[in-house]
1. Does the stretch 46-84 hold any residues that are in a helix (DSSP H, G or I) and polar (S, T, N, Q), and which are they?
2. Name every residue in the stretch 79-94 that is open to solvent by 80 Å² or more (accessible area, probe 1.4 Å) and in contact (Cβ under 8 Å) with a residue 12 or more places away in the chain, in order of residue number.
3. Give the residues of the stretch 45-61 that are more than 13 Å from ASP87 (Cβ to Cβ) and among the charged types (D, E, K, R), sorted by residue number.
4. Suppose we keep only residues that are closer than 13 Å to ASP87 by Cα and at pLDDT 95 or above within the stretch 62-71. Which one would you say is farthest from the chain's Cα centre (by Cα)?
5. Looking only at the stretch 1-9, decide whether some residue is at negative phi, of a type in the set (S, T, N, Q), out of contact with any strand residue (DSSP E or B) (no Cβ under 9 Å at 6 or more places or on another chain) and at pLDDT 80 or above.
6. Quick one: what pairs do we get from the stretch 36-57, first residue at pLDDT below 90, second open to solvent by less than 50 Å² (accessible area, probe 1.4 Å) and acidic (Asp, Glu), C-beta under 6 Å, 6+ apart or different chains?
Amino acid sequence: MNQENNINEEHQRLMAETRQLIEEARSYLVSQGKTIDLTKWVTIKEYVKRHKLESTNVVSNWIKRGIIPPDDIRDIPELNNLRLIRDRVYKENK
């Protein structure tokens, strides 16, 4: 039961951290006159988690191979070169 509590606490911490990062990014983009619907765009790390992929390397390889089209990628240099991808299925998870 203790391990289950630790996992739940970690999950809650990660969710809070994610919400905070999204809000910071949204505030910055709006202040710069740029708007991106952050409900439709996620970081590579978040994409991996949501779609239960092995690692961020999978998504990076998809980008390099063109599986994720350039229109579905946003690089934001003002946010430490944050890379966002459109949150949709690009390849079925086997």
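The values are calculated or read from the model by the stated rules, or taken from the named source; none is laboratory data. As the structure is a prediction and not an experimental result, all values here were calculated from the model. Every residue, glycine among them, receives a Cβ derived from its backbone with ideal geometry; neighbour counts consider all protein chains shown. Only protein heavy atoms, including side chains, enter the accessible area calculation; ligands, DNA and RNA are left aside. Shrake-Rupley method; radii C 1.70, N 1.55, O 1.52, S 1.80 Å.
1. THR56, ASN57, SER60, ASN61 - these are the residues of the stretch 46-84 that are in a helix (DSSP H, G or I) and polar (S, T, N, Q).
2. Matches in the stretch 79-94: ARG83, ARG88, LYS91, ASN93.
3. Within the stretch 45-61, LYS52, GLU54 qualify.
4. Out of the qualifying residues, it is PRO69.
5. Looking through the stretch 1-9, at least one residue is at negative phi, of a type in the set (S, T, N, Q), out of contact with any strand residue (DSSP E or B) (no Cβ under 9 Å at 6 or more places or on another chain) and at pLDDT 80 or above.
6. LYS40/ASP87
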